[in-house]
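What follows is a short report on a single structure.
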Amino acid sequence: MRHPKLTRTAQGVAAMFLLIASVQKFIGDPGSIEIFSSLEMEPTGRYLIAVIELVAALLLLSPLAALGSLLVVGVMCGAIIAHVTQLGLVVNDDGGGLVGMLVVVLLCAGYVLISRRKELPLVGDTL
Amino acid sequence: MKSTFIVDLERASRTANIGIVLLCLASGVAGYLVSFYFHFLTVTFFLLVLLNAFWRHGQTSHALLANFGFLAQIRYLVESIGPEFRQYLFASDTEERPFNRVERAEVYRKAKGVDSSAAFGSLLDFDRREIKLRHSFYPVDKDQIEPFDVAVGESRNLETTYHIRRPIMISAMSYGALGENAVRALARGARLAGAVMNTGEGGTPKYHLMEGCDLIFQIGTAKFGVRTPEGHLDEDKLAAIAGQDEVKMIEIKLSQGAKPGKGGLLPKEKITPEIAELRGVPMDEDVISPAHHLECVDAESTVAFIGRVQRVGGLPTGIKFCLGRPDEFRALVQEMKRQDIVPDFITVDGAEGGTGAAPKSFMDDVGMPLFEALPLVHKALQESGLRDRLVLFASGKLINPGKQMTALSLGADAVYSARGFLLALGCIQALQCNRNTCPVGITTHQKKLQKGLDIEDKAQRVANYIEALHHDHVELLSAMGRSSSRWLSEENVYSPTRAPASPLSQEPS
Ligand SMILES: Cc1cc2nc3c(=O)[nH]c(=O)nc-3n(C[C@H](O)[C@H](O)[C@H](O)COP(=O)(O)O)c2cc1C
């Protein structure tokens with residue numbers, strides 16, 4: 001790890017956004033419901049992603065941050081696929097705010113993943 | 001064991017590497033057309049594709065991963081849970097041959113520069129009555145250990161007398177048996193560590209010279225690089241090679257432990273146009289060296305030939321052989337005295353030595369093992385009064401410091417290793433040196449397999465290995481109460497009298 005402080009900051013930022021997103025999904029925020037409806041994943045998919053986001057956020061704050069960041073990168077890739085293929089970049093007239101947040105979280109998690117890659121279980125030794 | 005396993009791994013990995021990309025695309029399409037849930041798979045495969053791309057193109061320290069991609073990772077996974085598995089299911093840590101896991105792991109760790117201390121106790125089987133080193137009640141302080149320095153050619157007052165500064169040298173392995181990257185990594189590593197490297201019988205050195213390390217040029221029985229069309233010595237060519245700055249010594253190979261009494265063999269699968277040119281041979285058939293130098297048919301002609309190479313080359317010149325009959329060796333020594341021609345060094349190769357390719361019967365059943373042959377040669381030279389006029393090298397499975405110190409105690413002045421260095425390069429003992437399919441890119445000429453062997457990275461490992469061995473030598477010397485390996489003797493070796501291969505048992509006549 002080259003910049004431990006930067007890495008920890010990135011972990012914190014990503015975890016914070018994820019917690020917010022996860023809670024929104026759990027409490028059934030109308031925006032979330034609309035998104036998952038148009039993906040035909042309501043409500044199972046919404047709860048599933050909420051759980052994954054919660055777990056990932058907690059992992060990011062734990063010694064298993066490397067694993068957490070991998071999970072986050074995966075979820076964010078999925079979200080980006082959703083926006084690119086079906087939802088469009090602007091949802092609910094937010095001016096692209098949601099997608100912007102996605103990108104921020106992806107960048108943070110990506111950075112954590114790269115700087116902590118050696119801590120990944122099973123494959124860490126080879127990276 | 002057939003080679004199909006690796007051929008299959010190659011094909012399987014190619015399929016797998018393309019397969020994950022296709023699976024990623026397929027789940028992407030399904031995610032779009034059928035259900036968004038398929039994108040869980042899309043993302044998973046996408047990450048795997050990224051990781052795989054990194055393994056294959058973005059890193060150089062794991063040859064198997066670079067060559068085969070994620071399928072090879074299964075090997076690492078098995079290795080990480082291996083100890084438990086093997087203990088119950090497969091071969092134990094001390095069972096594999098030629099080198100068991102314990103021995104190999106030591107080399108890997110030394111090469112990677114990681115701590116090689118172990119805990120709790122030895123994994124070896126002490127009941128089997130192995131040879132051990134004897135320590136002294138009175139260890140010598142480490143700062144009193146003399147720097148290693150063995151002069152070759154001194155007794156003839158040669159201007160070209162060469163000083164060996166590292167007790168471990170890289171034994172003969174030809175370009176041909178080894179691929180270009182392996183040769184260059186070894187040569188660069190030797191230069192980094194200040195060690196000397198033998199070119200092997202591969203003809204005119206080319207890749208060796210690129211790295212600027214000190215070389216011992218080997219003349220094989222086919223005299224590749226220095227032969228006339230009929231296979232006799234071409235003095236002009238020899239003089240030209242000996243005139244290169246890097247070439248410090250010449251070794252005439254009489255025989256080799258893995259196939260004593262039989263010439264070298266380079267399978268035609270491994271002959272490239274370049275090799276054919278460097279050696280001066282055709283491309284479409286196995287290259288089989290004669291069993292002996294055409295010039296050497298008895299003791300008299302052999303000694304005369306040594307004298308001729310000494311004269312033409314002007315360098316310290318020695319011979320390499322695997323001992324068969326002690327009486328023949330004594331006769332050879334008498335002939336040396338008679339003609340007053342003494343080689344500057346003798347390399348004793350044990351029958352347990354390695355090879356790129358040899359008939360199995362020769363590998364298994366011909367020649368004397370090192371720890372029996374070495375003391376015989378040493379004593380015969382002492383008795384004839386020639387011991388002080390030459391230095392002795394030893395080789396044959398000397399890949400760890402303990403075995404090397406044993407050889408130094410039994411008469412050797414410095415040791416050679418071939419396979420130890422292959423392990424340092426990342427050899428996994430796949431036993432395919434003769435097939436051009438070496439999965440880690442060492443004994444192959446296939447570009448795509450050699451890709452996994454990063455010269456810079458592996459050169460450092462070679463250097464680390466030499467440094468770590470040298471370090472351990474100093475530690476052992478200190479424990480044995482000797483300030484230099486030149487003071488080691490048989491007394492420093494404990495050899496149980498009933499051991500199957502006791503170097504101190506009765507001398508065969
Ligand atoms: C791949 C390979 C190629 C070799 N090529 C030669 C050679 O060209 N000439 C030679 O005298 N010995 C050759 N040898 C034998 C080694 O130089 C050495 O004598 C023997 O391997 C013993 O050392 P080790 O047990 O440390 O491997 C070769 C060995 C290997 C493994």
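The values are calculated or read from the model by the stated rules, or taken from the named source; none is laboratory data. For clarity, every value in this text was computed on a predicted model and none was experimentally measured. Ideal geometry is used to build each Cβ from the backbone, glycine not excepted, and the neighbour counts take in all protein chains shown. Please note that ligands, DNA and RNA were not included when accessible areas were found on the heavy atoms of the full protein model with its side chains. Shrake-Rupley method; radii C 1.70, N 1.55, O 1.52, S 1.80 Å.
Side notes on the structure shown:
- Matching option when the condition is touching a helix residue (DSSP H, G or I) at 6+ places or on another chain (Cβ under 9 Å), away from chain A (no Cβ under 14 Å) and within 13 Å of the ligand (Cβ to nearest atom), among B:G420, B:G402, B:G385: B:G420
- Considering segment A:2-69, there are no qualifying helices (runs of 4 or more DSSP H) wholly inside with 1 or more residues that are of a type outside the set (K, R) and in contact with a strand residue (DSSP E or B) (Cβ under 9 Å, 6 or more places away or on another chain).
- Cross-chain or 6+ apart pairs with Cβ under 7 Å, segment B:193-213 first and farther than 17 Å from B:S171 by Cβ and open to solvent by less than 30 Å² (accessible area, probe 1.4 Å), then within 14 Å of the ligand (Cβ to nearest atom) and of a type in the set (G, A, S): B:G203/B:G225
- Condition check for B:A193: under 15 Å from the mean Cα position of the chain (by Cα) and farther than 20 Å from B:I306 by Cβ: no
- Residues of segment B:260-274 classified as open to solvent by less than 50 Å² (accessible area, probe 1.4 Å), assigned to a helix (DSSP H, G or I) and touching a Ser or Thr at 6+ places or on another chain (Cβ under 9 Å), total: 1
- Condition check for A:L60 on (1) out of contact with any Lys or Arg (no Cβ under 9 Å at 6 or more places or on another chain); (2) of a type outside the set (F, W, Y); (3) surrounded by fewer than 20 Cβ atoms within 10 Å (Cβ to Cβ): one failure, at (3).
- Selected residue [of a type in the set (D, E, K, R) and within 16 Å of the ligand (Cβ to nearest atom)] from B:R188, B:R134, B:R184: B:R184
- Look at (1) part of a helix (DSSP H, G or I); (2) within 10 Å of the ligand (Cβ to nearest atom) and you find that B:E352 fails only one, number (1).
- Evaluated against (1) touching a residue at least 24 places away in the same chain (Cβ under 8 Å); (2) exposed (fewer than 14 other Cβ atoms within 10 Å of the Cβ), B:D298 falls short on exactly one condition, (1).
- If only residues of segment A:102-127 that are outside any helix (DSSP H, G or I) and in contact (Cβ under 8 Å) with a residue 40 or more places away in the chain are counted, the one that is farthest from the other protein chains (Cβ to nearest Cβ) is A:R116.
- Test: residue in segment A:6-24 that is within 13 Å of another protein chain (Cβ to nearest Cβ) and surrounded by 15 or more Cβ atoms within 10 Å (Cβ to Cβ): no
- Put simply, of B:T160, B:T221 the only residue that is in a loop (DSSP other than H, G, I, E, B) and either open to solvent by 10 Å² or more (accessible area, probe 1.4 Å) or not assigned by TED's automatic domain parsing to the domain that holds B:D457 (or both) is B:T160.
- Candidates B:E246, B:E251, B:E230, filtered to the one that is of a type outside the set (F, W, Y) and out of contact with any Leu (no Cβ under 8 Å at 6 or more places or on another chain): B:E251
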